[in-house]
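Readers should treat all values here as calculations from the given coordinates under stated rules, not as data from a laboratory. Since the model is a prediction, treat every value here as computed from it, not as a measurement. Heads up, the Cβs are rebuilt from the backbone with ideal geometry, glycines too, and the neighbour counts pull from every protein chain shown.
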Amino acid sequence: MVEQPQLYPFVSKHFYHTHSFFYVHVLGKAMGLHGMSTCVHNACASGAFAMEMAAQQIRSGAAPAMLVAGAEAFETGVRVRYLRGMETYAEGTEMRAFDVSPTGFYVGEGGTALVLEARSRAEARGARIYAEYAGGGFAQQSWKHAMPDVPASRLAEVARKAMADAKVKAEEVDLVVPHGAGSGISDGYEAHTLGQLFEKGSRTPMCPLKAYLGHQLGNCVLAELAVGLMMMEHGVVLGQPFDGETNGRVPLELVRANRQHSVESMLKLATGFTGHDAAMVFRKG
């Protein structure tokens, strides 16, 4: 481990990695890609910000298509110990998001890659179109390391922008895939957000996915988005793998068992550690 200068000495030197940009070069060499590239490190919301940056490249005409990829691998237990110290790590085998008794989360590993391109180009080459990225909203909370700025309601603000861009009203959203980190603080912030967007008792189902995938931190948005797009394609919503009791603060139905459900529009939320908020709306392709 090479010693690296740290802006915040109280955070473990192994927690934030500054060498992620090397992976961009590895992908470029392996796939023969030499165009615009960057590495996004906006904590747990990284994938959402990366999607928007890729979309902007396409909208501006700077690139015909973009590859958006993410990965997470835990080569050290330091981060797990850090998260345990923050009392956000699940000690048992169950992770129950939005539960009356918050469990925290466990970490996951994996990689995800999505191709983003203009619809006209995708249709011209006969590509399989999973969904259309219809709108996005993004904000940051000015260094709220572990405690989100709930009164500012920035996550609700960016969700409204994403839905406005997509020309979709809250009651027209068929599925919400939340961040659903399983911690009292994070889930409470999202519950507060959803309460500002949806009426109490809304028929829109909600499907947190970290209980299936683990919290993949830098890759969580892209991994959960990939699963969300498959749910959209197959017209199904996954139920939660563990029993629990919803905390009562969420206005949406937390689906408990797998069921058929037509999904024409999906809202994906993300709230990253240190205060990166994002929302994206997708329409079925």
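Quick rundown of the values:
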{"item": "Helical contribution to [θ] at 222 nm, DSSP H n ≥ 4, -39,500 (n - 2.57), averaged over the chain, rounded to 500", "result": "-9000 deg cm²/dmol"}
{"item": "Long-range lysine pairs (8 or more apart or interchain), the chain, Cα under 16 Å", "result": "9"}
{"item": "Given charges at Cβ of Lys, Arg, Asp, Glu: the chain dipole, positive-most of Ala159, Gly104, Ser202", "result": "Ala159"}
{"item": "Gaussian network model of the chain, Cα within-10 Å springs - most flexible of His34, His234, His25", "result": "His34"}
{"item": "For region 134-285, share of DSSP beta bridges that run antiparallel, in % to the nearest 5", "result": "75"}
{"item": "GNM flexibility winner over the chain from Gly182, Gly104, Gly35 (Cα, springs under 10 Å)", "result": "Gly35"}
{"item": "Cα-based shape type of region 199-248, given that a ≥ b ≥ c are square roots of the gyration tensor eigenvalues and the cut on a/c is 1.5", "result": "oblate"}
{"item": "Within a Gaussian network of the chain (alpha carbon springs, distance under 10 Å), most fluctuating of Gly275, Gly111, Gly85", "result": "Gly85"}
{"item": "At q = 0.12, 0.13 Å⁻¹, base-10 log of I(q)/I(0) for the chain (Debye sum, equal scatterers on each alpha carbon)", "result": "-0.75, -0.88"}
{"item": "Dipole of region 81-284 [Lys/Arg +1, Asp/Glu -1 at C-beta], most positive-end residue of Ala90, Ser120, Gly136", "result": "Ser120"}
{"item": "Neighbour-count ranking [beta-carbon atoms within 10 angstrom, fewest first] of Leu83, Leu33", "result": "Leu33, Leu83"}
{"item": "Electrostatic dipole magnitude of region 81-284 [Cβ: Lys, Arg +1; Asp, Glu -1; Cα centre; debye, to 20]", "result": "420"}
{"item": "Peptides 89-97, 254-262 ordered by average Cβ neighbours within 10 Å, highest first", "result": "89-97, 254-262"}
{"item": "Pairwise FRET efficiency - Met86 versus Gln140, Cβ, R0 = 30 Å, nearest 0.05", "result": "0.90"}
